[in-house]
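This report concerns only the one structure given below.
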Amino acid sequence: MRRRLVLGLGAAAAAILSLGLRADPTDRAVFLSSLIWRGTVEAFGGMSGLELTDDGAQFVAISDRGWITQGRLTREGGRLTEIEAEALMPLKHINGKALPRYHDDSEGLAMDRDGALFVSFEATHRVSRYADPTAPATTLPTHPDFAGMQNNSSLEALAMGPDGALYTLPERSGGTSRPFPVYRFRNGKWDDKLSIPRRAPFLPVGADVGPDGKLYVLERHLGGLLGFSSRVRRFDIGAKGLRNEETLLQTGAGVHDNLEGIAVWRDEDGLIRLTMVSDDNYQFFQVTEIVEYVVPE
């Protein structure tokens, strides 16, 4: 790694986080640990997408201003203790140069088995493929619906299934009772046959397909001065669509910061883990936070 940011979890913070006041007691997911990630360069912040290796040790993260970094997470006793991150690098445009204005709002992140990265963008609504973090972008075909999406509420979430299919959905559905459309890319084109119910007031901001083959959707709600609430739902992916909705996690306002990226993996005990990262909106009063929950079976 070219440059590292090594952070520890302080004893005082650990004592606070050890309290079980992280989610509704009826939720299935159980809080494990949280870690504040601090950068030393002006570009640091705005983390909106996260991917982990199968063992949860190495990560890739993107910001919503077109930056990418890689690194490693260290745990002791199953709890996060350190993060080591490389220097931020700019994502590249199709011509190999820095992303131009209105093309750099990178939001969702997915990674295939060969390490290629896929990024969804707002403003200029699209999904791009990167052979590696330093490679120029290759833009995937678009769906006709993408052009009409809101500039700051479009392709927030991106996930990849075990068959290589990509799933993306917008932050807004067009109505509080209207389902969120889920667009699937396979065989070189998008289809719009899938959807998930909209359960107000939460809006989707991240997604991943777990090792169990299910679609996990991270959602958030801003409750004014109280801060952000977060929710994670999961769905079976089947021939009849996205079914068997489960709410795994729903936090109170201010429990975590603005969680936007999610990676789902299976730990050494065989349990599903939800690792999430927050977007600090480049504000001094917010933090970049990595949060982990486990889903007992």
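The values are calculated or read from the model by the stated rules, or taken from the named source; none is laboratory data. None of the values given here were measured: they were computed from a predicted structure. Cβ atoms come from the backbone with ideal geometry, glycine included; neighbour counts cover every protein chain shown. Surface accessibility is based on the protein's heavy atoms, side chains included, excluding ligands, DNA and RNA. Shrake-Rupley method; radii C 1.70, N 1.55, O 1.52, S 1.80 Å.
Each residue of the range 103-108 in turn: what ³J(HN,Hα) in whole Hz from Karplus with 6.51, -1.76, 1.60 and θ = phi - 60°, glycine and Pro shown as x?
10, 10, 8, 7, 10, x
For the range 203-297, what is the accessible area per residue in Å² when the probe is 1.4 Å?
Result: 37 Å² of accessible area for each residue.
Tell me, what is the FRET efficiency for ASP191 and ASN244 to the nearest 0.05, using R0 = 22 angstrom and their Cβ-Cβ distance as r?
0.60
Take the alpha carbon atoms of the range 271-286, find their center, do the same for the range 77-107, and report the distance between the two centers in whole angstrom.
Going from one Cα centre to the other spans 15 Å.
Using a 7 Å offset from Cα along Cα-Cβ at ASN152, what residues in the range 96-126 end up with backbone N under 15 Å from the label point?
102, 105-106, 122-124
Net charge within 11 Å of GLY115 by Cβ-Cβ distance, Lys/Arg positive one each and Asp/Glu negative one each, not counting GLY115 itself?
-3
One-quarter of the Cα convex hull surface for the chain, in nm²? Before the final figure, lay out each step's value.
Numbers: hull surface 59.3 nm².
That works out to 14.8 nm².
With contacts defined as alpha carbon pairs under 8 Å and 6 or more residues apart, what's the relative contact order of the range 123-190 in percent?
Answer for the range 123-190 is 25 percent.
If I compute solvent accessible area with a 1.4 Å probe over the protein chains, what percent of it on the chain is carbon and sulfur?
So the carbon and sulfur contribution to the accessible surface is 50 percent.
Report relative contact order for the range 109-237 in percent, whole number only (criteria: Cα-Cα under 8 Å, sequence separation at least 6).
Worked out over the range 109-237, it gives 16 percent.
With +1 on each Lys and Arg Cβ and -1 on each Asp and Glu Cβ, how big is the dipole of the chain about its Cα centre, in debye rounded to the nearest 20?
Around 580 debye, computed over the chain.
Hey, can you rank 257-263, 283-289, 164-170 by average C-beta count inside 10 Å, highest first?
257-263, 164-170, 283-289
Determine the alpha carbon to alpha carbon distance for each of LYS92/LYS193; LYS189/LYS214; LYS189/LYS240 and list only those over 26 Å. Working shown, then result.
Numbers: LYS92/LYS193 31 Å; LYS189/LYS214 22 Å; LYS189/LYS240 19 Å.
In this structure, LYS92/LYS193 lie more than 26 Å apart at Cα.
Determine the calculated [θ] at 222 nm for the chain from helices alone, applying -39500 (n - 2.57) to every DSSP H run no shorter than 4 residues and normalising by the residue count; nearest 500 deg cm²/dmol.
After summing the helix terms and dividing by the residues of the chain, the value is -500 deg cm²/dmol.
Given contacts defined as C-alpha pairs under 8 Å and at least six residues apart, what's the relative contact order of the chain, whole-number percent? All intermediate terms of the calculation are to be shown ahead of the outcome.
Working: 794 pairs, mean separation 54.5, N = 297.
So the answer I get is 18 percent.
How much length would be gained if the chain were fully extended between ALA98 and ALA131, taking 0.36 nm per residue of separation minus their Cα-Cα distance, in nm to one decimal?
Gain on extension, ALA98 to ALA131, equals 10.3 nm.
Can you pull the one-decimal nm distance between simple spin-label points at VAL41 and ASP236, each 7 Å off the Cα toward Cβ?
With each label placed 7 Å out from Cα toward Cβ, I get 4.6 nm.
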